[in-house]
Structures are given as structure tokens and as C-alpha cells.
Amino acid sequence: MTPSTPIARTALTAAGLAGALLLAGCSSAGSASEADSSAEGVEIAGVEITVDQAAADLLPAEIAEAGAVKVATDAPYAPFEMFKEEGSDELTGVDVDLGHAIGAKLGIDFEFEQQAFDGIIPALQAGNFDVTITAMTSSVERMEVLTFVDYSASGTGILTTAGNPEGIESYLDLCGKSVAVQGATSQVDLVNDVWQGECEAEGLDPIQLSEFPSDADAQLAITSGKAVASLLTKPSAGYVAKTTNDGGTFEVVEDPEAPNGYDATLNGIGVLKDNQELAEAIQAALQSLIDDGTYEAILDQYGVTGIGIDEATINGAADAK
């Protein structure tokens, strides 16, 4: 639902999802802020996490000695980073839980602080933060400054009525049907620039696309019968489907040809290029979380297992070029 790319965070954060949160109400998922620290480990998403010594040994000496890293994030951007409740400065979300889980694997604290998105990279360069975890696209352009530990991949998702009464299995099933979308988003461009041409090539009627001021308005079009589906980023779709009416209102279409969503891009944990040791330690800790199932548990509690990846790569977007 972001204005330019499928999941890229730009200087304009995704305010439209605030409407989705109003529809969704409060999530029942536990957060890292509720983690139970003990001698045995830290509990996040129902999983007890203990130190992975091999990963911890990769930490730069000064970080290991300090016992903490400062993490820049820009909330709210649900389900990645958001405030636990209105008026609170306590953070929760996929990125927050994952950051605390990585910290637990490394035996250090990941201390999240709010920072406006367009100021994150300058703040890292100024030494105010060590890391950023904020649903940032692992773009080649940003790699001029940052090393990215890739932790998810996401593109456009299709949200429809629970039970999927129209039997939508892929975007081609939207040809000839009424579809809602937030205006001025990458989803509008994807439909107009790509999908409409594919509908025509298949001899099908064009998608009847209706643009709305927000994702919440697009979702209302579904419940009011004005549209059979809406388009938004896949993690947003998954979160809305899981939390709205306890999962009884919406459903996300799972296309095996696009498990991370259509036109998906990698998202990464950003570390300054001259701090390669820290990036490699984070990569090892994240891979440990992937291997033992904690990573999937964290994604699942926010309804976004579809954005998961199998391997914690470094600068994977550059390798894909």
C-alpha cells in the first residue's frame, strides 16, 4: 500500500494502513515487549530463545561488551512496527519481535527508538543508531551506504471475502471483476501497466479497478459488495485478514506462483557498510531463528507467514541483478 514500490518504505510512511487498524481492532498476538526474560532465555511468540554462541561469537567486541545495539524504526507501519495502544510509546510488531529475538540469539539487547524514515540513514551515519529494522526495501541504491541482512520478501497481495466465494486463485481471476485499491499506490500501476495487458492477452475482460482514499475504504468496498477483492501489500493483507473480526471477514489469496506476493522485493535489516561484522552476526542469528522455527512463529502471530524467506542472505537484491 506504499506509494511507490510494493513494500518499500519511503519518506512517506504508509498512513493508509491506520484505517486498516481501525477495522482490525486490537491484535491478540503477544509481542516482544511482553517477553519473559529469564536465565533460561527469552520467550517471544511462544518460543523460548537462548543464545546461539556461534552467532554471538561473530559480534564486534565493542558491541558484545556494550551488550546492546540501538535500533532505528519508524512507527506506525503495521504489522511491522506499531504502538501497542493509542497514546503509548511502547512498540510491537513483526520487526520489533524479530529484533528482540535476534538480540536474544546474540545475547544482547536490541533497543528500538523512533526515528522519522527519511532521517534513518543520516542518523546511522551520525552514529546515533547501530541498526535499522523498519520494513526497508533492500535496494541496490541504499547499498551504497548500508549492508542489508534480508529477512522477508513482499509484494502485492489479494484480499477477498472469507471463504473466497469467487474462487480467486491468481490475479488473472480478477479479469472482468470489480477490484478495489487505495489510489496512488504501486498496486494501481501494477494493474494498469501489467495485469490489464495480460487480461487482454488471455481474451478476458479488463479488471474493473476502483480507487479509494485508503486501504480501509477499499476493504469496505468488499464488505459492502462493491468489489470482490482489494489489492494491498501482502503483509498488510495478511494482518488485516488475521485481525479483523478474529479472522472471520477477510481471506488472503495464496498463489503458489507468487508465495511472497506479486512483484515482490526483499526487505532488510540495515547496518552501515563499514560494520560488516555486526551484519554477519545478525545474519547468523536470523538464520538460527529460521532454522529452529521461531522466525515462522513470529510471522504467523501477525498473519504474515507469506512474506517469509528460507535463507537470511546479505544484499540478496544485488545478487539478483
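In this structure, residue 285 does not qualify as surrounded by fewer than 23 Cβ atoms within 10 Å (Cβ to Cβ) and of a type in the set (A, V, I, L, M, F, W, C). The requirement of being under 16 Å from the mean Cα position of the chain (by Cα), at pLDDT 95 or above and part of a helix (DSSP H, G or I) is satisfied by residue 296. For the residues 296, 257, the requirement of being without any contact (Cβ under 8 Å) to a residue 40 or more places away in the chain and not assigned by TED's automatic domain parsing to the domain that holds residue 164 singles out 296.
Please state which one of 126, 55, 104 is out of contact with any Gly (no Cβ under 7 Å at 6 or more places or on another chain) and under 25 Å from residue 290 (Cα atoms).
Result: 55 is the single residue among 126, 55, 104 that is out of contact with any Gly (no Cβ under 7 Å at 6 or more places or on another chain) and under 25 Å from residue 290 (Cα atoms).
Scanning the range 307-321 for residues that are surrounded by 23 or more Cβ atoms within 10 Å (Cβ to Cβ) and outside any loop (DSSP other than H, G, I, E, B) returns a single hit, 307.
Pairs are defined by a Cβ separation below 6 Å, a sequence spacing of at least 6 or placement on different chains, a first member in the range 206-223 that is in contact (Cβ under 8 Å) with a residue 24 or more places away in the chain and assigned to a helix (DSSP H, G or I), and a second member that is basic (Lys, Arg) and surrounded by fewer than 18 Cβ atoms within 10 Å (Cβ to Cβ); no pair meets this definition. Taking the listed residues 236, 224, the one that is farther than 21 Å from residue 133 by Cα and not assigned by TED's automatic domain parsing to the domain that holds residue 115 is 224, with no other qualifying.
With part of a strand (DSSP E or B) and in contact with a Ser or Thr (Cβ under 7 Å, 6 or more places away or on another chain) as the only criterion, which of 101, 55, 72 stands out?
Criteria check complete, one pass: 72.
Scanning the range 89-109 for residues that are closer than 15 Å to residue 271 by Cα and more than 18 Å from the chain's Cα centre (by Cα) yields a single hit, 103. How many of the residues in the range 78-137 are over 27 Å from residue 241 (Cα atoms) and among the basic types (Lys, Arg)? Total satisfying the criteria: 1.
Scanning the range 84-112 for residues that are closer than 17 Å to residue 301 by Cβ and not charged (D, E, K, R) returns 91, 92, 93, 94, 96, 98, 99, 100, 101, 102, 104. Screening residue 92 with (1) in contact with a strand residue (DSSP E or B) (Cβ under 7 Å, 6 or more places away or on another chain); (2) polar (S, T, N, Q); (3) modelled with pLDDT under 95 gives one miss only, at (3).
The set of residues in the range 224-282 that are assigned to a helix (DSSP H, G or I) and of a type in the set (D, E, K, R) comprises 234, 242, 246, 277, 280. Of all residues in the range 48-75, those satisfying the criterion of being farther than 26 Å from residue 115 by Cα and touching a helix residue (DSSP H, G or I) at 6+ places or on another chain (Cβ under 6 Å) are 49, 52, 55, 56, 58.
Residue by residue, here is whether (1) over 30 Å from residue 123 (Cα atoms); (2) of a type in the set (A, V, I, L, M, F, W, C) holds:
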{"residue": "209", "(1), (2)": "yes, yes"}
{"residue": "213", "(1), (2)": "yes, no"}
{"residue": "220", "(1), (2)": "yes, yes"}
{"residue": "228", "(1), (2)": "yes, yes"}
{"residue": "261", "(1), (2)": "yes, no"}
{"residue": "278", "(1), (2)": "no, yes"}
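If you go through the range 108-144 and pick out every residue that is among the aliphatic types (A, V, I, L, M) and either assigned to a helix (DSSP H, G or I) or outside the structural domain of residue 60 (by TED's automatic domain parsing) (or both), you end up with 5.
If the condition is being among the β-branched types (Val, Ile, Thr) and over 10 Å from residue 172 (Cβ atoms), then the range 189-209 contributes 191, 194. The single condition among (1) among the hydrophobic types (A, V, I, L, M, F, W, C); (2) under 17 Å from residue 278 (Cβ atoms); (3) at pLDDT 95 or above that residue 136 does not satisfy is (3).
If you filter the range 162-181 down to residues that are more than 18 Å from residue 262 (Cα to Cα) and of a type in the set (S, T, N, Q), you find that the one that is surrounded by the most Cβ atoms within 10 Å (Cβ to Cβ) is 164.
The values are calculated or read from the model by the stated rules, or taken from the named source; none is laboratory data. Just so it is clear, the structure is predicted and the values come from calculations on it, not from any experiment. All Cβ positions, even for glycine, are placed from backbone atoms using ideal geometry, and neighbour counts span all protein chains on display.
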